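All of the numbers you see were taken from the coordinates with simple rules; none came from a lab. The structure presented is a predicted model; accordingly, all values stated were derived computationally and were not measured. Methodologically, a virtual Cβ is constructed for each residue, glycine included, from the backbone with ideal geometry; neighbour enumeration extends over all protein chains shown.
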Amino acid sequence: MLDKEKLDGVIVGTPTHPRAWISAHAMIRNIDVYMEKPIALTVEEGRALVKLARKYKRITQAGTQQRTIPLNNWASDLVKNGAIGKLKKVISANFVGPLRWNENTQYPDSPHTKEPWWDLWTNQAIFRPYHEDLHRTWAKWWDYDGGGTGFGVTGWGAHAYDQIQRGLGTDTTGPIEIILEEPVKDRSAGLFEKREIKPEETGAPYYPMTEGVIGPRAKVRMRYKNGVELELYYDSDRGPGLGCIFVGDNGSIEINRDAVVSNPPEILQRPDRPEKLTVPETQPHLEDWIRGIKTRKQCLADIEIGHRSNTLCVLVNIVRDVGKVGEVLKWDPKKEQFKNCDEANAMLSRPRRKGYELPA
């Protein structure tokens, strides 16, 4: 299709593991790309995509649509401009990570195993015989995603972490320290006990969506260069699952998808406060990408921004997998490497199956 059709742009809405490969082949054909989130499976993949986008001058948009919701951006700018005083910390969710595939699994006889599309679908990952659990629930598995189930690290987390980056003003950088605060265990996403849901809980519409979700979880804390700490602590039936809470000397602002609250309430009582969306939440995001294709100006969720937000997802999964509870792992956001953990650095990239290498 990329070779035969004269395309202006493509939307890559595939599973995560082939997404970077497809996006890269579009870019080298001078096609603009809208990539669902997460934009890549690894940090190395994400950086390679940024380099290709810049080399071929492509217009890119990561599918983190909160970037184009007026209320979200307005509240983020309040945080950045000191509406709650000096920022002390950010609190967000303790998302569910991916599972490892059991290599002792018995595979049913299936004609799909030898069909070309299964090889293509498997893409960069280890080739295994066809199994419906791999194909239909790919978002649960480490080889194909970073926790894309409901309340997963790269599912909801990709949105929440992008909101954090926007409010911190760290779109092109990241944290400098990461600490795993407890052992990783398979845990329920939330407690789900009976309680009164308060009107100001912005995450309330999403609580029921996460009931029954179980997977590897552990609290993680990060620190940025300016001293602000990020606490990834909340369960799925507490807090702003798709956003975060910014805490400053003079109060707090909670930002979720097209929903904001503050303490004290007066912080958000301003005449310039935008109205909530009256169109589907993806519409402004797609319009921004199309505008970029026409004007050649970068989109609000440009690939560098998408890569940096996705890097937080990858770092959470790596730090949990390494399992050094209580140890400070130092991250260099410029070199995109750990300073003191070779084991973690080895997980920033993955071997790619022959035929599915990224273009140089």
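In this structure the amide hydrogen of Tyr56, modeled in the peptide plane, comes within under 5 Å of no amide hydrogen from residues 5 or more places off or on another chain. When you restrict to C-alpha pairs under 8 Å that are six or more residues apart and normalise by the size of the stretch 200-344, the relative contact order lands at 14 percent. Among residues other than Val328 with Cβ under 14 Å from its Cβ, the summed charge is 0 (Lys and Arg +1, Asp and Glu -1).
Dipole magnitude of the chain about its Cα centre, charges +1 at Lys/Arg Cβ and -1 at Asp/Glu Cβ only, in debye to the nearest 20?
Working: 52 positive and 49 negative charges, 226 e Å.
Computed charge dipole of the chain: roughly 1080 debye.
The relative contact order of the chain, computed from alpha carbon pairs under 8 Å that lie at least 6 residues apart in sequence, is 27 percent. Checking the cross-link pairs Lys37/Lys225; Lys225/Lys324; Lys57/Lys297 against a 18 Å limit on the alpha carbon distance flags Lys37/Lys225; Lys225/Lys324 as lying beyond it. When only alpha carbons are used to place a centre, the stretch 30-47 and the stretch 223-249 end up 25 Å from one another. Near the amide H of Ile176, within less than 5 Å, lie the amide hydrogens of Arg223, Tyr224, Lys225, all on another chain or at least 5 residues away, with H placed in the peptide plane. The angle between the Cα long axis of helix 303-322 and the longest principal axis of the Cα atoms of the chain comes to about 80 degrees, rounded to the nearest 10. Short-range pairs are left out: with C-alpha atoms under 8 Å and at least six residues apart, the relative contact order of the stretch 16-139 is 23 percent.
Farthest toward the positive end of the dipole of the stretch 271-360, out of Asn317, Ala346, Leu329, is the Cα of Ala346, where the dipole comes from beta carbon charges about the Cα centre.
Each part gets one Cα centre, and for the stretch 323-360 versus the stretch 63-85 those centres are 30 Å apart.
Helix 43-55 and the longest principal axis of the C-alpha atoms of the chain enclose an angle of approximately 90°. Entry note, the chain: the mean residue ellipticity at 222 nm calculated from DSSP H runs of n ≥ 4, each adding -39500 (n - 2.57), is -8000 deg cm²/dmol after division by the residues and rounding to the nearest 500. Each of Asn72, Met35, Ala360 was scored by the projection of its Cα onto the charge dipole of the chain, and the greatest displacement toward the positive side belongs to Ala360; charges sit on the C-beta of Lys, Arg, Asp and Glu.
Summarising the label geometry, the points placed 7 Å from Cα in the beta-carbon direction at Ala204 and Gln283 lie 2.6 nm from one another. For the peptides 269-280, 149-160, 223-234, the ranking by packing is 149-160, 223-234, 269-280, with the highest mean count of neighbouring Cβ atoms within 10 Å listed first.
For the Cα atoms of the chain, what angle does the longest principal axis make with the long axis of helix 156-168, in degrees from 0 to 90, nearest 10? Roughly 50 degrees between the two axes.
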